[in-house]
Amino acid sequence: MAARRKQAGGSDLESSNDQDREARDDEHKHNLPLWLRRFLDHAKSQQLVFIALPLILVIVLGVITLRPSRKAILYPAGYAVADPETCGTDDERVSNVLRWAVKNGAWIHPNVSTGLFEVPGKKGLKIRGVLATGNVKHKEKIFIIPKKLLINIEQMKNHPWLSSIYAETPQLHDSIGGLAVLLLVEAMNATSAIRPYLCSLPPMVPLPVFYGPSKLARVKMELPANERGAMDSLVEARRDVIQLHYMKVMPTLFLKYPDLFPPKEFSYERWAWAVSLIMSRTWGRQITDPILNKKTGTNTSMAHTMGPGADMPNHNASAYEAMQDKAGSLVLIADRDVTPGDQIYISYGDKCNAEFLAHYGFIPSYASVKTCKSNATLHTLGKENTTVSKWRREWRNKFKTFLTIVNDDRFRSSKAYLAMQSSASNPGLPSHLASDAAPASSSSTANLKVHAS
């Protein structure tokens, strides 16, 4: 009798477990799509469960595999813009900066927008430029970018927290170095007032200074034979500018304001990104800055200046350069009558082919007949070249050592660090090379001419 009760109890327990399993199965089935629930019910009634389940698994995995997924964008290590995925698509970034500029006082011709254009001689390659959506007459204004939107070291005077540091740090009164710091500070601030412009800037500027040896050698062969030697020197001069300005500015900020300028956030890769933007898309603008004027010995100094929106047109030798009106605004006017679908250009100035390639990363579709600057060609000749090469070898080794030290948390007590800071203030450049590394002559900056109207 006891045995029968035990057996009966066991049977009741098993029955209860079966009911629980069925209840759980029903609950799980309710989480499935209706079509799948019906298919499973039918398969169960036909005793085809063992066939149906693997089939369903294959279908579900196939759907998951084929479902379109949003690919994560991999940005270069030096790209400093915070939360770049919130900047939008390429088209959105461009339209956003134009709307932002107009909202903040810029004037853009109503028949002007942006578009993609074929690169002459480069089949299938397109670049973004300024597009005429309607007629624009010769000498009509294309855009007017007001003084308040122009970006140079003057903006640090009224910056929420950089202003006090700017006032007490002479190293920041540097047309390239100071502007690079300002760009990085604003780029890493997701709520920056100039974020639409920062989002519109390229994650990497494709300048030859960043090429590997094989690519540089290949691109050089596209230059006229008499400019290839100058190209080597121009590229190394770009590297000089990036490194020397970094050493003039950042060691002081690392030491004096370690909490505001941590070396890992203000990395050399990010610095190179900021300076490459300055070298490739600025104009020279006269400013009054007592510390900078003391260095230059003049009442006013030429400062590298960025013009949001004004840096979108591509180069053409027949186009006009941007000018400055009496109000201090940046102005571009049409060099000819423009019809819908035409590209609107700007002139980047009169340069040789090697200078265009070194400064902007392209060779004009026409062959420039301009002779490269004498200093650039001097670097490739005899004793002069030996002096420069020797200096560069020594400097590059020192700089490499410094970058190793600065990324070490113990660097502030390092004698090597202090020695590098000292050598940065007096790097011992050969005389003609020093002029190439100076802000006014080393970048591609075009000096603004005053436009009467």
- Determine which single condition Lys126 fails, assuming it passes every other condition in (1) open to solvent by 40 Å² or more (accessible area, probe 1.4 Å); (2) in contact with a Pro (Cβ under 9 Å, 6 or more places away or on another chain). (2)
- Hey, which of the helices (runs of 4 or more DSSP H) in the stretch 257-367, taking only ones fully inside, have at least 1 residues that are over 27 Å from the mean Cα position of the chain (by Cα)? 290-296
- Just a yes or no: is a residue in the stretch 194-203 of a type in the set (Ser, Thr, Tyr) and open to solvent by less than 30 Å² (accessible area, probe 1.4 Å)? yes
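Please tell me if Lys215 is of a type in the set (Lys, Arg) and either open to solvent by less than 10 Å² (accessible area, probe 1.4 Å) or part of a loop (DSSP other than H, G, I, E, B) (or both).
It is false that Lys215 is of a type in the set (Lys, Arg) and either open to solvent by less than 10 Å² (accessible area, probe 1.4 Å) or part of a loop (DSSP other than H, G, I, E, B) (or both).
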- Every residue from the stretch 129-148 that is open to solvent by 80 Å² or more (accessible area, probe 1.4 Å) and within 18 Å of Ala310 (Cβ to Cβ): Lys139, Lys147, Lys148
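Residue by residue, here is whether (1) at pLDDT 90 or above; (2) more than 30 Å from Tyr166 (Cβ to Cβ); (3) charged (D, E, K, R) holds:
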{"site": "Arg218", "(1), (2), (3)": "yes, yes, yes"}
{"site": "Ala230", "(1), (2), (3)": "no, yes, no"}
{"site": "Val235", "(1), (2), (3)": "yes, yes, no"}
{"site": "Arg238", "(1), (2), (3)": "yes, no, yes"}
{"site": "Ile242", "(1), (2), (3)": "yes, no, no"}
{"site": "Pro258", "(1), (2), (3)": "no, no, no"}
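Matching residues to (1) over 17 Å from Tyr360 (Cα atoms); (2) of a type outside the set (D, E, K, R):
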{"site": "Val205", "(1), (2)": "no, yes"}
{"site": "Leu216", "(1), (2)": "no, yes"}
{"site": "Val219", "(1), (2)": "no, yes"}
{"site": "Glu227", "(1), (2)": "no, no"}
{"site": "Ser233", "(1), (2)": "no, yes"}
{"site": "Arg238", "(1), (2)": "no, no"}
{"site": "Gln243", "(1), (2)": "yes, yes"}
{"site": "Tyr257", "(1), (2)": "yes, yes"}
{"site": "Lys264", "(1), (2)": "yes, no"}
- Item | Single unsatisfied condition, Gln171 versus (1) in contact with a Ser or Thr (Cβ under 8 Å, 6 or more places away or on another chain); (2) within 22 Å of Lys264 (Cβ to Cβ); (3) open to solvent by less than 10 Å² (accessible area, probe 1.4 Å) | (3)
- Can you name every residue in the stretch 113-154 that is of a type in the set (Lys, Arg), over 15 Å from Ser365 (Cα atoms) and either under 24 Å from the mean Cα position of the chain (by Cα) or modelled with pLDDT under 95 (or both)? Arg128, Lys147, Lys148
- Ile242: passes all of (1) part of a helix (DSSP H, G or I); (2) touching a residue at least 40 places away in the same chain (Cβ under 8 Å); (3) not basic (Lys, Arg) but (2)
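The values are calculated or read from the model by the stated rules, or taken from the named source; none is laboratory data. Bear in mind the structure is a predicted one, so any value in this text is a computation, not a measurement. As a convention, Cβ positions derive from the backbone with ideal geometry for all residues, glycine included, and neighbour counts pool all protein chains shown. These accessible areas exclude ligands, DNA and RNA; they are computed on the full protein's heavy atoms, side chains included. Shrake-Rupley method; radii C 1.70, N 1.55, O 1.52, S 1.80 Å.
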